[in-house]
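Step one of this worksheet: look at the structure below.
The values are calculated or read from the model by the stated rules, or taken from the named source; none is laboratory data. Since the structure is predicted, the reported quantities are computational estimates derived from the model, not experimental observations. Every residue, glycine as well, gets a Cβ built from its backbone with ideal geometry; the counts of neighbours run over all protein chains shown. Ligands, DNA and RNA are stripped out before the accessible areas are found, and what is left, the full protein with its side chains, is counted by its heavy atoms. Shrake-Rupley method; radii C 1.70, N 1.55, O 1.52, S 1.80 Å.
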Amino acid sequence: IPPARSLEFAITTPKPDLKQRAIKKACKGLGPNLESPLLGKPLVDFTAPQLDGKPFTLSSLKGKLVFVTFNASFTHLRDDQKTLPPLVKQLGAELVTVLSDADPTEITKSFGSLPGRVVLDKPVGDANLGPITGRWNIMAVPETYVVDRNGLIKFHLINQRDWSLPSTLACLKTGI
């Protein structure tokens, strides 16, 4: 700066995102929320056969809150399949279960009767997980995504969990 001259500048900090801060606080007890590259993006649409063989297209639920949960009979992780449906019902949402299995009878034997829509995501070749599961960036099951009424992915929750905890409902209500 030359003599007898001055320099002016201003420093501004970004305003805190109060909604994101509230979500983080409400979701603290929910456990790990994997930073998926799909968060905030439109759902990854698919059409797949349901257990009865009829096709189902995920985007047919646009305008509704949707839980898309991924699992497979080989995991033997069933507890979240018991506590998730009551939460989904309480939120007035839809439940879509995507199972990486080739045989519908194996699913029924492993899980019994599952509520909501259950679709078959048959693995191809030597893969353990089906191609739909792969397009959702899932490497291991169970995992669950929550899609808002605008078709945007809001949450990605990994591993089995107890969906009946009050903190879970508080977190999801804050973020959707």
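Some observations on this one:
- Of the residues examined, Phe46 is not one that is open to solvent by less than 70 Å² (accessible area, probe 1.4 Å), at pLDDT below 95 and aromatic (Phe, Trp, Tyr).
- The single condition from (1) under 30 Å from Asp126 (Cβ atoms); (2) over 18 Å from the mean Cα position of the chain (by Cα); (3) part of a helix (DSSP H, G or I) that Arg21 fails is (1).
- Test: residue in the stretch 124-132 that is surrounded by fewer than 19 Cβ atoms within 10 Å (Cβ to Cβ) and under 17 Å from Leu38 (Cβ atoms): yes
- Candidates Val141, Val98 - the one that is under 21 Å from Leu172 (Cβ atoms), aliphatic (A, V, I, L, M) and part of a strand (DSSP E or B): Val98
- Subset of the stretch 167-176 (residues that are of a type in the set (Ser, Thr, Tyr) and either part of a strand (DSSP E or B) or surrounded by 16 or more Cβ atoms within 10 Å (Cβ to Cβ) (or both)): Thr168
- Residues being in contact (Cβ under 8 Å) with a residue 12 or more places away in the chain and either over 20 Å from the mean Cα position of the chain (by Cα) or assigned to a helix (DSSP H, G or I) (or both) - total across the stretch 105-122: 6
- Test: residue in the stretch 10-28 that is of a type in the set (A, V, I, L, M), open to solvent by less than 30 Å² (accessible area, probe 1.4 Å) and either in contact with a Gly (Cβ under 9 Å, 6 or more places away or on another chain) or at pLDDT 90 or above (or both): yes
- Residue list for the stretch 148-166, filter: modelled with pLDDT under 85 and open to solvent by 40 Å² or more (accessible area, probe 1.4 Å): Ile158, Asn159, Gln160, Asp162, Leu165, Pro166
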